[in-house]
Amino acid sequence: MAQDQLDLTPQDTLALSAAMRRPLTDLFTRIRAIAAHEEMLTPYLRQELEVLLRDGYRLLRLADSLSTVECYELPPNAAVFPLWQQLQECLESTRLLLGANGRTLCYDLPEENDMVRGDAEMLMRAILHLICNGLDAADDAAAPVTVRGSVAGDQAILTILDEGQGIPPEQLEEVFTPYRSRDKDGLPYQSPGLALPLARRVLEAHGGSLRLISSEGGTAAVCSLPLCRELPTLLRSTAPRYLEDIFSPLYTILCDYITPPWPYPQP
């Protein structure tokens, strides 16, 4: 018998996301309070606390994704910023973290100061979700995910390539439907299936696009963004310092592939 599905409006989903954040705030507060007394923790309790921390990040990622998929719109006062410079900061931090956990990210970006108008942090979140999809697709944990940037006319093109087994042609659009996801064998997967819909919504809100090109040797997520010829209005990045902020999107979105940062690291 087919499972009944909740018929939620975007307003319902936004309320659900907000409701999740309240107990999450309490959870992180309690974890930090316990971690502050690290000298009292046995190795077992430290390990269990790290598991709780990872689960907290997973729930925070879900709360962020729910609100973005249903309700995200580009702010009317979006800033103009150098795309490749902003992206390089995020990808280098991602490469370091994944490398320390046995995963490989490679990237090759232009050195030009190409500008885009938009929400820098949300664009980085979208790219991080696409990188996670690439990590999930590979049968071999050592297989790299590669990010390449280029310019075609008045469009910035960003391609995220994985070395997975590919997506069947009949599923290339279905995967963009929220709350539907499949595993590597094409079977229903116990995941909310929000990464690709989130990335597409964010890119389209910026006037861009996201499409997939797939074969048996892997999948390429091809993103486009319109370039902006104006001078930058974002002279200093408003994105979090990725490796220093323990609640940055880097840790939230990549929490399944890295060791979450300890709330009170030793100096």
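The values are calculated or read from the model by the stated rules, or taken from the named source; none is laboratory data. In this text, all values refer to a predicted model and were calculated from it rather than measured experimentally. Here Cβ is always computed from backbone atoms with ideal geometry, including for glycine, and neighbour counts include all displayed protein chains. All accessible areas refer to the heavy atoms of the entire protein, side chains included, with ligands and DNA or RNA removed. Shrake-Rupley method; radii C 1.70, N 1.55, O 1.52, S 1.80 Å.
Highest mobility in the GNM of the chain, judged by mean-square fluctuation with C-alpha springs under 10 Å and restricted to D162, D136, D26, is found for D26.
Rolling a 1.4 Å probe across the protein heavy atoms gives the chain an accessible surface of 54 Å² per residue. Given their separation in residues at 0.36 nm each and the Cα-Cα distance between them, D139 and A15 gain 40.9 nm when the chain is fully extended.
In the Gaussian network model of the chain, springs joining C-alpha atoms below 10 Å, which of G217, G153, G164 carries the largest mean-square fluctuation? It is G153.
Local charge sum around D64 (other residues, Cβ-Cβ under 13 Å, Lys/Arg +1, Asp/Glu -1)? Before the final figure, lay out each step's value.
Details: positive: R21, R58, R61, R125, R201; negative: E70, E121.
It works out to a net charge of +3.
Among beta bridges from DSSP that stay inside the chain, the antiparallel ones total about 85%. Share of the chain's accessible area from carbon and sulfur, percent, 1.4 Å? Carbon plus sulfur share of accessible area: 53 percent.
Between N113 and R30, the C-beta separation translates, for a Förster distance of 45 Å, into a calculated FRET efficiency of about 0.50. Take every DSSP beta bridge whose two residues both sit in region 75-217; close to 75 percent of them are antiparallel. The distance between label points at L41 and D154 comes to 5.3 nm (points 7 Å beyond Cα on the Cα→Cβ vector). Of the labelled options (i) 34, 21, 18; (ii) 29, 21, 17; (iii) 29, 24, 20, which one gives semi-axes √(5λ) of the Cα gyration tensor in Å as computed for this structure? Matching the structure shown: (iii). Rg and Dmax of region 75-156, based on Cα coordinates, read 13.8, 43 Å.
When +1 charges are put on Lys and Arg Cβ atoms and -1 charges on Asp and Glu Cβ atoms, the dipole computed for region 64-113 relative to its Cα centre reaches about 220 debye. In the complete set of protein chains, residue-level accessible area for L49 is approximately 10 Å², probe 1.4 angstrom.
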